[in-house]
Amino acid sequence: MSSGLWIIDQHTADLEFHYRVEEVLYSGTTEYQRVEIVRAPALGKALFLDGRIQSAQVDEFIYHEALVHVAMMTHPNPRRVLILGGGEGATLREVLRHPSVEEATMVDIDGQLVELCRQLLPEWHQGSFEAPQSRLYYQDARAFVESLPAEPIYDVVVSDLTEPIEGGPSVLLFTVEFYQTLAQRMSPEGIFVAQAGSADPVYPDFAASLCHTLRQVFRNVRVYWAFVYSFQLPWAFAIASNAHDPAMLSPVALQQRLGERKLHCRYYSPTLHPAMFALPPYLEEALSTRGRPIRDDHAFIWQA
């Protein structure tokens, strides 16, 4: 291996990804997690949380466009959007590109992380924190949702949370009980979407478990995917609704909607949208045979 400083991201007990660092912009620990913001030769700027890569300048548009626009384009008129997590501000950035959005609420437990991203990763948020539609709350997302009145509020909910690692802040944000509470705060046409972890042949259990969990609450649940270069893996996303099946929208209808919203993307497109739901047989099998519903008293813990 070449000399110098490297960050080692342990994907599983048997697999590690190594990233060479040319400059450390920040390294420290907040109240909730270890944070490294670095510059890497192959990635540009990159954010690591608890040793796991979260986002890189070279391809963050792939992850964030895939996460946001499938759900936002599926909804005919998303006006109020809730973002769980999303510290870098790029998820908020993509949500605000839809002109129908009147209010975008972002809830992240780690205010220190958000401020670090505000200062050191302006390429991600591009001023979205200061947009008049933006509402920022620094608190536990579950406590925030449970404090809301049990009535329809949000048209789209985007879960941009870290995987549930032991002792991490997101363990109870992937359970049946939480999604039942969340569903009560969503409009009848509401759509929920979440990053669902790796879609590789070795460890798809988190995506499978999330899919089983959402099916306890929502009528239509789908998994789609994108390859994220900086993750070195295919990445899964889970989307759920009681009113819409996002895989059934035609490219013609999506193209019309895209034109009406004057949305120009580098990754997402109306022709790519249905293709993202085309899963290989190994992943289809894993989603049906592996994993389990996640509950408060039987949480899922990511085993690296």
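The values are calculated or read from the model by the stated rules, or taken from the named source; none is laboratory data. From a predicted model like this one, the values you see are computed outputs, not experimental measurements. Don't worry about glycine lacking a Cβ; one is built from the backbone with ideal geometry, like all the others, and counts go over all protein chains shown.
Could you check how many residues of segment 158-172 are surrounded by fewer than 24 Cβ atoms within 10 Å (Cβ to Cβ) and either touching a helix residue (DSSP H, G or I) at 6+ places or on another chain (Cβ under 7 Å) or hydrophobic (A, V, I, L, M, F, W, C) (or both)?
6
Tyr32 - would you say it is over 24 Å from Phe277 (Cβ atoms), without any contact (Cβ under 8 Å) to a residue 40 or more places away in the chain and of a type in the set (Phe, Trp, Tyr)?
no
If we keep just the residues of segment 14-29 that are without any contact (Cβ under 8 Å) to a residue 24 or more places away in the chain and among the hydrophobic types (A, V, I, L, M, F, W, C), which is nearest to Ser230 (Cα to Cα)?
Val21
Yes or no: segment 164-187 includes at least one residue that is assigned by TED's automatic domain parsing to the domain that holds Asp110, free of Cβ contacts under 8 Å to residues at least 40 places away in the same chain and at positive phi.
Within segment 164-187, one or more residues are assigned by TED's automatic domain parsing to the domain that holds Asp110, free of Cβ contacts under 8 Å to residues at least 40 places away in the same chain and at positive phi.
Starting from segment 66-85, take each residue that is among the charged types (D, E, K, R) and list its partners that are in a loop (DSSP other than H, G, I, E, B), counting only C-beta distances under 6 angstrom and pairs at least six apart or across chains.
These pairs meet every condition: Arg79/Ser100; Arg79/Glu102.
Quick check on this structure: which one of Thr29, Thr74 is touching a strand residue (DSSP E or B) at 6+ places or on another chain (Cβ under 8 Å) and assigned by TED's automatic domain parsing to the domain that holds Cys117?
Thr74
Every residue in segment 83-112 that is of a type in the set (Val, Ile, Thr) and either farther than 19 Å from Arg34 by Cβ or not assigned by TED's automatic domain parsing to the domain that holds Tyr137 (or both), please.
Matches in segment 83-112: Ile83, Thr91, Val95, Val101, Thr105, Val107.
Within segment 29-82, can you find the residues that are outside any loop (DSSP other than H, G, I, E, B), under 16 Å from the mean Cα position of the chain (by Cα) and of a type outside the set (A, V, I, L, M)?
Across segment 29-82, the qualifying residues are Phe48, Arg52, Gln54, Ser55, Glu60, Phe61, Tyr63, His64, Glu65, His69.
Is it true that some residue in segment 216-237 is farther than 19 Å from Tyr282 by Cβ, basic (Lys, Arg) and in contact with a strand residue (DSSP E or B) (Cβ under 6 Å, 6 or more places away or on another chain)?
no
How about segment 105-155: which helices (runs of 4 or more DSSP H) wholly inside it have at least 2 residues that are closer than 23 Å to Leu173 by Cα?
111-120, 141-147
Of the residues Val202, Val217, which is closer than 26 Å to Ile301 by Cα, modelled with pLDDT of 95 or more and part of a loop (DSSP other than H, G, I, E, B)?
Val217
Could you go through segment 212-228 and let me know if any residue there is under 16 Å from the mean Cα position of the chain (by Cα), in the same structural domain as Val68 (by TED's automatic domain parsing), surrounded by fewer than 17 Cβ atoms within 10 Å (Cβ to Cβ) and within 25 Å of Gly87 (Cα to Cα).
Within segment 212-228, one or more residues are under 16 Å from the mean Cα position of the chain (by Cα), in the same structural domain as Val68 (by TED's automatic domain parsing), surrounded by fewer than 17 Cβ atoms within 10 Å (Cβ to Cβ) and within 25 Å of Gly87 (Cα to Cα).
Out of all the residues in segment 116-127, which are in contact with a strand residue (DSSP E or B) (Cβ under 9 Å, 6 or more places away or on another chain) and crowded, with 21+ Cβ neighbours inside 10 Å?
Cys117, Leu121, Trp124
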